[in-house]
Amino acid sequence: MSVKRCRKIIVLLTALALAAGLVLISGCGGRGGDGGVTTPGPDNTGTVRPATAEPDATPMVKEGNVALGCPVTLLNVESPNDGDLTDGDRETAFRGEINYRKSMSTEIRIDLGGIVRVKRLDLYPARQDGFFGRYFPSEIVVRLSTDGNDYTEVCRYSNIDAPDCVPVLEFDARTARYVALDIQSRSVSEDGFGVFELAEVEVISVYREYAYPE
């Protein structure tokens, strides 16, 4: 799929320095097979569990899309294919259905597997039935966290009309391990669910930072 990018520079925030003594974790798997993607448990509560892996023995630099193959957790969404959001395929569509009787909004969380410096998100709309971006969310709020508990909003995307390009959300680079997308659905399906679709969420990093306890 050949599409153009459109830039949405909404909010600029200064970078957050790493605290001394932080132990960082290795990154997510690359593409291939399941690509390291896991699905939420049967309770589908959206809880992010801390990783227990040991830190990498050798510090590495990682740039580009650091969300590739990373696990995705959904809140208040019915979907069997949440892994499509980070599988590296910009044409496979993820379709989320939200119980709009409770809320037309939901949350997507991506665990990047380690602390990185995030500077941009590229959000690829889905192409379905000949339409590009038909069910793209009407609003997306991006929040970042280093520990999965305390999140800071870094930018916000709002668009009444479906996009005809790939929205690019830019902000001052800051450290994060967890990326939360607060999604507002655009449409309601015939069976009474709020519907939104995305083909891929790419989290662009400047480089990976490591810090070890003294």
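Each row is one residue, and each column tells you yes or no for (1) part of a loop (DSSP other than H, G, I, E, B); (2) surrounded by 21 or more Cβ atoms within 10 Å (Cβ to Cβ); (3) among the basic types (Lys, Arg).
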position	(1), (2), (3)
134	yes, no, yes
137	yes, yes, no
140	no, yes, no
143	no, no, yes
148	yes, no, no
162	yes, no, no
**OP:** For the stretch 164-191, name all the residues that are outside any strand (DSSP E or B) and surrounded by fewer than 18 Cβ atoms within 10 Å (Cβ to Cβ).
**Re:** 164, 165, 189, 190, 191
Original post:
Which residues, counting only those in the stretch 113-134, are among the aliphatic types (A, V, I, L, M) and either farther than 13 Å from residue 196 by Cβ or without any contact (Cβ under 8 Å) to a residue 12 or more places away in the chain (or both)?
Top reply: 115, 116, 118, 121
**OP:** Being of a type in the set (Val, Ile, Thr) and assigned to a strand (DSSP E or B) is the filter here, so list the residues in the stretch 150-160 that pass it.
**Re:** 152, 154
Original post:
Mind checking whether some residue in the stretch 116-130 is of a type in the set (Gly, Ala, Ser) and touching a Pro at 6+ places or on another chain (Cβ under 9 Å)?
Top reply: no
**OP:** Out of the residues in the stretch 73-89 that are over 14 Å from the mean Cα position of the chain (by Cα) and of a type outside the set (A, V, I, L, M), state the one that is modelled with the lowest pLDDT.
**Re:** 80
**OP:** Test residue 122 against the stated conditions and say whether it is out of contact with any helix residue (DSSP H, G or I) (no Cβ under 9 Å at 6 or more places or on another chain), acidic (Asp, Glu), more than 15 Å from residue 183 (Cβ to Cβ) and at pLDDT 85 or above.
**Re:** yes
Original post:
Would it be correct to say that residue 117 is among the charged types (D, E, K, R) and touching a Ser or Thr at 6+ places or on another chain (Cβ under 6 Å)?
Top reply: yes
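The values are calculated or read from the model by the stated rules, or taken from the named source; none is laboratory data. Owing to the predicted nature of the structure, the values given are computational and were not obtained by experimental measurement. All Cβ positions, glycine included, derive from the backbone under ideal geometry; neighbour counts span all protein chains shown.
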